[in-house]
Amino acid sequence: LMPEFIAIPGGRFWMGSEEAEVERLVQQAQEDYEKVWFRRELPCHEVELDAFALARYPTTNAMFRQFVEADGYAEERWWSEAQAAGVWLPDGTVRDWLSEEPRDTPAYWGDTSLNGSNQPVVGVTWYEAVAYCRWLTYALGDGHAYRLPTEAEWERAARGPEGQRYPWGDEWAKGRANTKELNLERTTPVGIFADGASAEGVLDLSGNVWEWCSTLHRAYPYDGSDGREDPGSKDLRVLRGGAYWNDRDAVRCAFRSLHSPDFRLYDHGFRVARGPLK
């Protein structure tokens, strides 16, 4: 019912994609907006990170239920950014971009196709993911500060020390992740695609659900000290990893998506990180 963590060593890694790969993806893109998506990966650049740890799996419904049942939605101290943005209300409910009425559980909490205990929690905004992390820090009380991973940390964990295109290697392999190619059309229990693990053993980094990162969407190169890690900003936040309806190009380690922090959808989830954040 609590996350299991995998240690990721510190050091330098290459973030983003080479121009040749981006040009190949742009040439085969069917729509103009797809070309814009791929160009967000430029330029490829080197980033240095301190060591950190990342949850082996995306946060599941069973994990998130601990927060719900601990009255996490009603506890003001977990929601400072959401309160400032007018997203969290004093009655212990949250607003989001798509909901007509405020709610005190994830948006798809009652959907039997999405709410299995070992399926990733979905229908949560960035603010809900942050509140869970803050509660987890208190609930575990083990001296660690739990948080969302930065965009750079997420990509390093996915690429592994060799800088692979996919968590399992440079070549696409159908069946190593829950993606469009499998036509499952729903989320799957976390961890069942064991062959899709990263070099350090992190699972479900490609496909299944998009994962919120702490980072504001800004152009590369990544610089964690330039304001893009400002928790108080209402600007667009990065999501990584792709979901069950995305194809092989959108689940590459370098692919970047973004949304308003008060947006939620049936394929938006998150996983937890801990450790230094410069």
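The values are calculated or read from the model by the stated rules, or taken from the named source; none is laboratory data. Predicted model only: the values in this text are computed from it and were never measured. Here the Cβ positions follow ideal geometry from the backbone for every residue, glycine too, while neighbour counts run over all protein chains shown. In case anyone asks, the SASA skips ligands and DNA or RNA and just uses the protein heavy atoms, side chains included. Shrake-Rupley method; radii C 1.70, N 1.55, O 1.52, S 1.80 Å.
Whole number in Å², please: accessible area per residue of the range 129-226, 1.4 Å probe, ligands, DNA and RNA not counted.
Values: 3780 Å² over 98 residues.
On a per-residue basis, 39 Å².
Calculate the length of the line joining the C-alpha centroid of the range 87-139 to that of the range 1-54, in whole Å.
When both Cα centres are located, 27 Å separates them.
Going through the range 121-191, which chymotrypsin sites (Phe, Trp or Tyr not before Pro) have at most 16 other Cβ atoms within 10 Å and a DSSP loop state? Can you show the working numbers first?
Numbers: sites: W126, Y127, Y132, W135, Y138, Y146, W154, W168, W172; in loops: W168, W172.
Counting only loop positions with at most 16 other Cβ atoms within 10 Å, none of the chymotrypsin sites (Phe, Trp or Tyr not before Pro) in the range 121-191 qualifies.
Which whole-number percentage describes the relative contact order of the range 53-146, with Cα contacts under 8 Å and a sequence gap of 6 or more?
Working: 97 pairs, mean separation 29.2, N = 94.
Result for the range 53-146 is 31 percent.
Compute the accessible area per residue over the range 39-80, keeping the other protein chains in place, probe 1.4 Å, unit Å².
Numbers: 1780 Å² over 42 residues.
Using a 1.4 Å probe on heavy atoms only, each residue of the range 39-80 averages 42 Å².
About the Cα centre of the chain, how large is the charge dipole given +1 on each Lys and Arg Cβ and -1 on each Asp and Glu Cβ? Please answer in debye to the nearest 20. Numbers along the way, then the final one.
Numbers: 31 positive and 46 negative charges, 55 e Å.
Result for the chain is approximately 260 debye, rounded to the nearest 20.
Using Cα pairs closer than 8 Å and at least 6 residues apart in sequence, work out the relative contact order for the chain, in percent.
Values: 612 pairs, mean separation 70.0, N = 278.
Contact order relative to length: 25 percent.
Would you work out which of F193, L216, G227 lies farthest towards the positive end of the dipole of the range 160-233? Charges go on Cβ: Lys and Arg +1, Asp and Glu -1.
F193
Report, to the nearest whole %, how much of the accessible area of the range 166-278 belongs to carbon and sulfur atoms, 1.4 Å probe, protein only.
Details: 2050 of 4240 Å².
That share works out to 48 percent.
Counting only GluC sites (Glu not before Pro) that are in a DSSP loop and have at most 12 other C-beta atoms within 10 Å, tell me the longest site-free stretch of the chain.
Values: sites that count: E4, E31, E100, E162, E171, E185.
The longest such stretch corresponds to 186-278.
Considering only DSSP beta bridges where both residues belong to the chain, give the percentage that are antiparallel (nearest 5).
Details: 24 of 27 bridges.
Looking only at bridges with both residues in the chain, the antiparallel portion is about 90 percent.
Using helices alone, what [θ] at 222 nm do you get for the chain, with -39,500 (n - 2.57) per DSSP H run of 4 or more residues, divided over all residues and rounded to the nearest 500? If you can, show how the numbers build up before the last one.
Working: 6 runs with 56 residues, N = 278.
For the chain, the value works out to -6000 deg cm²/dmol.
Using a probe of 1.4 angstrom, how much of the accessible area of the range 40-155 is carbon and sulfur, in percent?
Details: 2130 of 4670 Å².
That fraction is 46 percent.
Tell me the accessible surface of M2 in square angstrom (1.4 angstrom probe, heavy atoms of protein chains only), to the nearest ten.
The accessible area comes out at roughly 80 Å².
Taking Cα pairs under 8 Å and at least six residues apart, what relative contact order does the range 217-278 come out at, in percent? Please report the intermediate quantities before stating the final value.
Numbers: 45 pairs, mean separation 19.9, N = 62.
About 32 percent, as a whole number.
If you look at just the Cα atoms of the range 123-278, how large are its Rg and its Dmax in Å?
Calculated on Cα positions, Rg and Dmax stand at 15.0, 42 Å.
Considering only lysines 8 or more places apart in sequence, or on different chains, count the pairs in the chain whose C-alpha atoms sit under 26 Å apart.
Details: K35/K174; K35/K180; K35/K234; K234/K278.
Value for the chain: 4.
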